[in-house]
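Some notes on the structure that comes next.
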Amino acid sequence: MVKFSLRTNSSLSLKTIYMRKNFSALTRQLFCFLLLAFSIAVQPVQAKVGDKPVSKEQMKQLVKETNNTISFIENKGQWDADVKVAGNTNIGNMYIKNDHIHFLSFKEDAHEAGEEETAEEEEAEANEPKQVHGWGIYLDGSNPNYTVSKEKELPTKYNYFIGKDYNASDVSAFGEVTMNDIYKGIDLRIYSQQSHVMEFDWLVNAGSDFRNIKMRFKGQQGLRLDENGNLSVKLNFDEVKFDIPEAYQVINGKKVLIKMAFDVNGEVASFKAISKIDERYDLVIDPSLKWGTFFENNDDNFDEYLFAVDLDNQGNVYCGGNINVQLTSGAGGYINPASLFGYDATYNTNVDGIIYKLRFDGKVILAITYFGTTVNDRLYGLSLSPDKSTVFFCGLTAGTLPTGSTAAFDGTISTSTDGFVGVLDAAALSNLQYTSYIGGNGNSDEMSSIRALSNNSFVVGGHVNAALTTAAPNYILNAYDATYSGSDEMYIAKFTGFNTLVFGTYIGGTGIDLLNDIQIFSDGAIAFSGESDNATSFPAL
C-alpha cells in the first residue's frame, strides 16, 4: 500500500495517499440503497476506573447524553393501559409496552415534506389510506415486573381530547426513559440523538450475562443476517438494519475491544462473543440500527447509480449519481408534487446526473433535480459547504454546460468529454450558482471527487488523459508536479471565489493513475485515494 498527501497552501508536499484497486466498481451499483445509522448500546452499570468500582449513577454519566429530539410522553390514560411511554422516532411511532417495544412505521408521501399544499391536495391526501406497518421487538425471558423511570423532563405539556371531554391533561414528556431490571442485573435506557434517532443503552451489571438478552421480532416480513453479518429486518416498504455490534469492556477507565456478532434463531436475535470476555468488568455492545430505502421509480428499466452522499445538520441526506429515465412526477407520480423538482425537471437523453435530498428518516424526497446536457453526463462527487447552504458536485460531460451566476474558470469544452464542477443551493436545489469545465484535450477527462471548503471555495480531483493548458486558463499553479507524464494522470486543484485557482497539480507516473476520492484534514492536508497500474513510476515517499 502506497501512502501520500497534499497541503492546500501554495507550498505543496507529497505525503499520504491510500491506494485501493477497483474502488469505482464497488460503488457503481444499479440501485440506490441508503443506510443511516443510529446506535443501540449495551452499557454495563458497574465499571472500574482504576481500583475503584463505579456506581450505577456514575456509570450513567459515561454514556451519551440525550439530544431531546424525541419527546417520550407518559401515559395518563390517553393510550391503552399496557403502554408505559410513547415517542415519535426516526423509524415510526414507538410504544414501550409491558413485554415489548412496538413500532408503527408509515409510508409517507412527498406532500409531507413541508411543501405548501392546495386545498384540493389536502382533501385528496386526507382521503388517501396511509400505509402502516406494525411490528415489535419482544424481550423474551424479561422480567414482567420491571419498572420505568423517566428522566430529563421537558417543558412541553400535552393535552388529549376525546369528543368534548379531556382524555388526559397536563401530560409530561421526558428526554429519556429507563426500563429498570428488564433482565436480571440489566436495565434498558432509551433516549434520542439528532434527527429523532432513537438509541438504546443496555446497562448490564458486571458479571451479568448479556446472553439473557433475546430480541424476538414479530410482524416483519423477514429477519436474516446479510452477507456482512448485519441483522436485516424487512418491512413492507422499508428495511431496518442493525450493524454488527461494536463491543468493548471498560477496564481501568479504558476501552478494550471485544469481537462480537449477532446470532439469529428463527425470529429471535441475540449476541454472541467471538473473543474472550473478562466477567470482572463491564461490557458494552453497540450495534447500530439503520433505515434503508430504494430509489427505483417503479420501473424495471430503471438504472440509478449512487456515487456520493452528504448530510446536513438536520440529518437530511444529499445524494448524487446518474439516471437513465425520466422520473414520473405530479399527482400519482414517483415525485409528487412535481414542484419538488428544483433547477431542472427534464431528463435529457441517455444518462443524466441527478441530485436529490432525502429527509433524515429516508421516507420523503425534499428536493430533486437533474443536471445534464443533451448528451451523456455523469455525476460522481458531491459535498455540502460547511454551513450546509450550498451543494458542490462534479463529474464528466460531453455537452454544453448551463451557466451559473458566476463566470466559469473554464467555459469551453476542450474535446469529446471534459470534467466539470457545479454549485447549487442546498435548500431547494433550484439556484445554479456556478459551473465550469475542468479538463484538457483528452477524450476521457473526469472529476470524481469534490470537497467544499466554504460557500465559494473547494478542492476537486479526478484524472485527465492529455496535458492541461497553462495559458488562459492556467490549470497548473504552485504544483507538486507540473509535468503531464502520459496516459491517464490524477489531477487535484483548489479554487477560491469559485473560479480563482490557488493550486493545480498532477499526481502520477507513466501508467494509468485514477483518483476516486479526496478528503480534507483540519490542518488543510488533502488525503486522496485511487489506483495505479504502474507502481514503479508512481511517486514514492
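Rounded, prolate or oblate for segment 344-418? Axes are the square roots of the Cα gyration tensor eigenvalues, ordered a ≥ b ≥ c, and the cut-off for rounded is a/c under 1.5. Since a/c reaches 1.5 but b/c is at least a/b, the shape of segment 344-418 is classed as oblate. Basic side chains Lys and Arg get +1 at the Cβ, acidic Asp and Glu get -1 at the Cβ, and with that the dipole of segment 336-454 about its Cα centre reaches some 380 debye. Seen through its C-alpha gyration tensor, with square-root eigenvalues sorted a ≥ b ≥ c, segment 297-379 comes out oblate because a/c lies at 1.5 or above while a/b is not bigger than b/c. Give the carbon-plus-sulfur fraction of the accessible surface of segment 405-505 in %, rounded to a whole number; probe 1.4 Å, heavy atoms of protein chains only. Result for segment 405-505: 48 percent of the exposed heavy-atom area is carbon or sulfur. Packing around the peptides 271-279, 476-484, taken as the average count of other Cβ atoms within 10 Å per residue, puts them in this order, highest first: 476-484, 271-279. When the square roots of the Cα gyration tensor eigenvalues are ordered a ≥ b ≥ c, the ratio a/c for segment 198-272 is 1.5 or more and a/b exceeds b/c, which makes its shape prolate.
Dipole of segment 387-541 computed with +1 at Lys/Arg Cβ and -1 at Asp/Glu Cβ about the Cα centre; of 458, 448, 487, farthest Cα towards the positive end is 458.
The values are calculated or read from the model by the stated rules, or taken from the named source; none is laboratory data. These numbers were taken from a predicted model, which means no experiment stands behind them. No Cβ is skipped: glycine too gets one built from the backbone with ideal geometry, and neighbour counts run over all protein chains shown. Remember, those area values only see protein heavy atoms, side chains included, never the ligands or the DNA or RNA. Shrake-Rupley method; radii C 1.70, N 1.55, O 1.52, S 1.80 Å.
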